[in-house]
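Notes follow the structure.
Each reported figure results from applying straightforward, stated rules to the coordinates on display, with no laboratory input. All values derive from a computational prediction rather than experimental measurement. Glycine gets a Cβ as well: all are built from the backbone with ideal geometry, and neighbour counts include every protein chain shown.
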Amino acid sequence: MNHKRVLVTGAASGIGRGIAEKFLEEGARVILLDKDEKNLKDTIIQLKSKKGIAHAIVCDIAQEKELRLAIEQSWDYWDGLDVLINNAGLALRESFVDISISNWDLIMDINLRATFVLSQIVSKKMIAKDIAGSIVNITSKNGLSGSSKLAHYNTSKAGINLLTQSMAVELARYGIRVNAVAPGFIETPLDRELKQQEGSLNITDKTPMKRMGTVLEVANGVFFLASDAASYITGTTLVIDGGHLANASEF
Ligand SMILES: NC(=O)c1ccc[n+]([C@@H]2O[C@H](COP(=O)([O-])OP(=O)(O)OC[C@H]3O[C@@H](n4cnc5c(N)ncnc54)[C@H](O)[C@@H]3O)[C@@H](O)[C@H]2O)c1
């Protein structure tokens, strides 16, 4: 990954920050994109000592004009991108019957639509410049199996899984690989918020490994898929969940 040009969305917190850190440790040039300007600045300061080079771009990926501008800025900064990590995401916990159209649209816009827009523009540019790039989409175990109070989130993540496969099929001829990572319960601010809303529930009860995962454990999987070590892997979803999904029939 030395000097590779990488764009990570949602890089100011949690898993995205962990992914950016991993790539920087390996000497990559990383653009950290997020809508949270303050957290983004703090993150850049924290990651300054790493081997690679970090650059911040503030953007709300739910706003299409802003997103398109940010993609151009990201591409132009190092005259191209080798790796795109679609990580930014939002989860709202509410019953299926209570989900408003505006919340449904918001989740779809951030989680699914922005992943499509970013991937389409970046892959077009990669094709034009003959870059054998790699795209990794962050989905979720919730995109592979149902759960309560997250119908919009679960649907958006299931959409990412099929988008990943469909892109992989069409982009393979250009040397572009597309994969996804599906984390289980990972210690991040997003997960803490969901847990608070759920009260005292022990969320790792059904996870065979009986603990939450770390952002580094997810970042390691993302790094592997993006790297040449995964040169024959495309269209796959790597589940990183401590065995949670394998345990679906347990009571
Ligand atoms: N934490 C988990 O347990 C878990 C499990 C499965 C999947 N995921 C997925 O991993 C990804 C990262 O989650 P996390 O837990 O690190 O969350 P997080 O809330 O800690 O971080 C998400 C980051 O995305 C940014 N973001 C959100 N909406 C944005 C927008 N419209 N434009 C730009 N940036 C935006 C936020 O500002 C934040 O910095 C998400 O796609 C999430 O669905 C997380």
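Of note:
- Residue-normalised convex hull volume from the C-alpha trace of the stretch 5-239: 122 Å³ per residue.
- Legend: ranking of residues 68, 17 from fewest to most surrounding C-beta atoms inside 10 Å; resulting order 68, 17.
- Of the residues 99, 31, the one with the fewest other Cβ atoms within 10 Å heads the list, and the complete ranking is 99, 31.
- When each of 82, 36 is scored by the number of other beta-carbon atoms lying within 10 Å, the sequence from fewest to most is 36, 82.
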